[in-house]
1. For segment 271-288, give me each residue that is assigned to a loop (DSSP other than H, G, I, E, B) and under 30 Å from ARG345 (Cα atoms).
2. Among the residues of segment 304-319, are any part of a loop (DSSP other than H, G, I, E, B), within 30 Å of ARG190 (Cβ to Cβ) and in contact with a Phe, Trp or Tyr (Cβ under 7 Å, 6 or more places away or on another chain)?
3. Applying the selection to segment 326-335, what residues are surrounded by fewer than 23 Cβ atoms within 10 Å (Cβ to Cβ) and either in contact with a strand residue (DSSP E or B) (Cβ under 6 Å, 6 or more places away or on another chain) or small (Gly, Ala, Ser) (or both)?
4. Within segment 193-230, which residues are over 24 Å from GLN376 (Cβ atoms) and of a type in the set (A, V, I, L, M)?
5. Checking the structure you have, find out if any residue of segment 63-70 is open to solvent by less than 50 Å² (accessible area, probe 1.4 Å) and outside any loop (DSSP other than H, G, I, E, B).
6. Regarding ARG100, is this residue open to solvent by less than 60 Å² (accessible area, probe 1.4 Å), farther than 19 Å from LEU161 by Cα and touching a residue at least 60 places away in the same chain (Cβ under 8 Å)?
7. Tally up the residues in segment 128-148 that are within 27 Å of the chain's Cα centre (by Cα) and surrounded by fewer than 22 Cβ atoms within 10 Å (Cβ to Cβ), please.
8. Give all pairs with beta carbons closer than 7 Å in which a residue from segment 251-272 that is within 16 Å of GLU86 (Cα to Cα) and in contact (Cβ under 8 Å) with a residue 60 or more places away in the chain meets a residue that is part of a helix (DSSP H, G or I) and open to solvent by 50 Å² or more (accessible area, probe 1.4 Å); count only pairs at least 6 apart in sequence or on separate chains.
Amino acid sequence: MTTMNAKPVVVAGGGLGGLAAALALSLKGFKVLVLEQATEFGELGAGIQLAPNAWHAIDALGVGGLVKKEAVFIERLQLMDGVSGERIIDIPLDKVFHERYGNPYAVTHRADIHKAFLDGCRARPDRIELRTRSRVTGYDLESGGVSVLLADGSRVAGAALVGADGWRSAVRQRIVGDGDPAPTEHICYRAVLAAADMPEQLRWAAATMWAGHNTHIVHYPLRGWELYNLVATVIGSGVKSGHNEEASPDEVLPLFAHNCELPMRLMKTPKSYKRWMLRFREPVENWCDGPVALLGDAAHLMLQYLAQGAAMAYEDAVCLAACAEQADGDFPKAFRAYQDLRLVRASRVQLSARLVGQIFHVPDGIQRRVRNDMYQHRSTEQNYQAIDWVFTAPAYVRGFRAG
């Protein structure tokens, strides 16, 4: 197969966003080199939610069938009051939902979707090269491309560079220069349960969130109902660190003790949790430096309250590749167009996720009662209208075709 570029487009980072970028660019005829700092390609974390806009991007990348093999297609999204136990929001994910957005809603394991992306990349060895033990630490612009600096002191010549290297992005530091994102007061405690250990009363075909004062608890099935994902978040606990660290129930349970009996029954089930400190960045107006662009968390690190962080990276990847094709390999021009198309949408999701988190975590008392009253009386159509803007995939995603 011929390619549009003699030197590869270098992608810094072999996570979900980086592999999505590699797939999208390869489908448009570009040669790609993915540089991953770890000793092997893999993905941390557990569950991930896939809204219709994410599916549109995954389908555009040509790996929708692979991802759907392990996905669970749930029946509803629901928000519960963690204090009273009452249902606040119930959104059916039925035929009407599917027809409205052109795709379903599903949940899956992050490792499964990463494997599908990786398999997709490995199936295209003529266009995608994958390298491990290759941490990008910087770059220099050169005539006709970019020289990418690695941690071992070596350099890689590329036609362009895509910084998909996450929240500690070295590429971002050259473009934006804002340092590491400050720790937030948001701490996640994660666990994965065998289906037999899940309280029977909570084995729902739903992505469920229990909202309480400064806490929320999320659970949903994984891998053909063999597992359940549990993510419990607390704000202002006094815990100052976390990156896949062990946490005991003695640390976790007191933080959620104000919740009612049913979610607490679930919280008491895991023998241990993994602790994660959440981070957030304010939106910035520039992601590009000539033939260098940021993608995913490196561009727009967000809180998880809309379950859209990965989806935004997939959309980024599809958009970036489409712009590169339209610009006929003129990467500075392509990346400016990509930024123009993506900046407002991704930033809106970034800011909206933070706002939604504030709504989830209102104090007990009158604020909680007001929130519940606001949302409990919404019709299904009103709920759809509230999420139309995010669940409807952009035209450049829906119209993506292999070059």
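1. Hits for segment 271-288 are PHE280, ARG281, GLU282, PRO283, VAL284, GLU285, ASN286, TRP287.
2. Yes, segment 304-319 has at least one match.
3. Across segment 326-335, the qualifying residues are ALA327, GLY329.
4. LEU193, ALA194, ALA195, ALA196, MET198, LEU222, LEU227, LEU230
5. Yes, segment 63-70 contains a residue that is open to solvent by less than 50 Å² (accessible area, probe 1.4 Å) and outside any loop (DSSP other than H, G, I, E, B).
6. No.
7. Result for segment 128-148: 9.
8. The qualifying pairs are LEU262/GLN201.
The values are calculated or read from the model by the stated rules, or taken from the named source; none is laboratory data. What you see is a predicted model; the values in this text were computed from it and never measured. FYI the Cβ positions are ideal-geometry reconstructions off the backbone, even for glycines, and counts take in every protein chain you see. The protein model used for the area step is the full one, side chains on, heavy atoms only, and it has no ligands, DNA or RNA in it. Shrake-Rupley method; radii C 1.70, N 1.55, O 1.52, S 1.80 Å.
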